[in-house]
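Undergrad: Take this structure, written in structure tokens, and hold onto it; I'll ask about it next.
The values are calculated or read from the model by the stated rules, or taken from the named source; none is laboratory data. Keep in mind it's a predicted model, so treat the numbers as computed, not measured. Cβ coordinates were reconstructed from backbone atoms using ideal geometry, including for glycine residues, and neighbour counts include every protein chain displayed. When the accessible area is computed, the model is the full protein with side chains, heavy atoms only, and any ligands, DNA or RNA have been set aside. Shrake-Rupley method; radii C 1.70, N 1.55, O 1.52, S 1.80 Å.
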Amino acid sequence: MTPQCTDRDLLALETILFLGAGGTQQLTGGANGQLSGTTFTAAGADFPEAGIQPGMVLTTYDPARGPAEGRACEIVAVRAATQLDVSVLRAAADAPSVAPYPGGTHFLIRTYQPQIQAVHDALMERLMRARAADRANVGSFLPSPQLRQALACGTLAAVFVSRAQDGTAADANWLKAEHYRREFERLSSSLQLTPESSDGLGGGVVAMGNVTLRRV
């Protein structure tokens, strides 16, 4: 089951995750990127081969300043091996694209999809245990903003715990980890999800009820 949450949902809450170094899986990067409106081109790149997908985040930067002072934008579509459609962060994933302000020629694309998947899988397992009678209904769900937000918060909690343990800005990272852990628990404990049926329409509701979730 594919999570409804993507890297763009993390970007909306913590832009800093896609700037600077550490904590993510870098899929590709280079020094020859060009941004023209909402089109980003990098000669010699192979974005499909690198596993780049819509919903991921592109960071462009000036090498003299480094990625910590770069600009992050969402990837809207992969148009060709060397070309992406990009946008500044939009209010909704189906909103019109808006051209990012031009940045440097260096670029990188990182992802937190493995962490998102881990939080998603743990949450679904807890849902099945909490609602054993509805186990048959625990599969794919209709889009849920609350589920997407819960997964984003659960992922950020795990990411900031990891950052705190490496000794860099530990106090600030622990505070963020605790904040997002609490948000994850609050959102998850009141989830009401509508399963997808074979005809693409929802049927029934699967709820967490009064289940207390702990850090995954």
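Undergrad: With every protein chain kept in the model, how would you rank Tyr112, Tyr101, Tyr61 by accessible area, 1.4 Å probe, largest at the top?
TA: Most to least solvent-accessible, the answer reads Tyr101, Tyr61, Tyr112.
Undergrad: From the protein chains alone at 1.4 Å, what is the descending order of accessible area for His120, His106, largest first? Working shown, then result.
TA: Values: His120 5, His106 45 Å².
Reading off the accessible areas and sorting them downward yields His106, His120.
Undergrad: Ala81 to Ala118: FRET efficiency via 1/(1 + (r/R0)^6), r the Cβ-Cβ distance, R0 35 Å, to the nearest 0.05?
TA: It comes to 0.70.
Undergrad: Solvent-accessible area of Glu196, probe 1.4 Å, all protein chains present, reported in Å² to the nearest ten, please.
TA: Surface accessible to solvent at Glu196 totals approximately 90 Å².
Undergrad: With all protein chains present, calculate the accessible area of Arg79 using a 1.4 Å probe and round the result to the nearest 10 Å².
TA: 150 Å²
Undergrad: Evaluate E = 1/(1 + (r/R0)^6) for Ala92 and Ala43, where r is the Cβ-Cβ distance and R0 equals 30 Å; express this FRET efficiency to the nearest 0.05.
TA: For R0 = 30 Å, the calculated efficiency reads 0.40.
Undergrad: I've got another one for you. Between Met128 and Leu13, what is the FRET efficiency for a Förster distance of 30 Å, r being their Cβ-Cβ separation, to the nearest 0.05? Intermediate results must be reported in sequence, preceding the final value.
TA: Details: r = 27 Å, r/R0 = 0.90.
For Met128 and Leu13, the calculated efficiency is 0.65.
Undergrad: Follow-up question, since we're still on this one. Grab the other residues whose beta carbon is less than 15 angstrom from that of Leu89, score K and R as +1, D and E as -1, and report the net.
TA: Here the count lands on -2.
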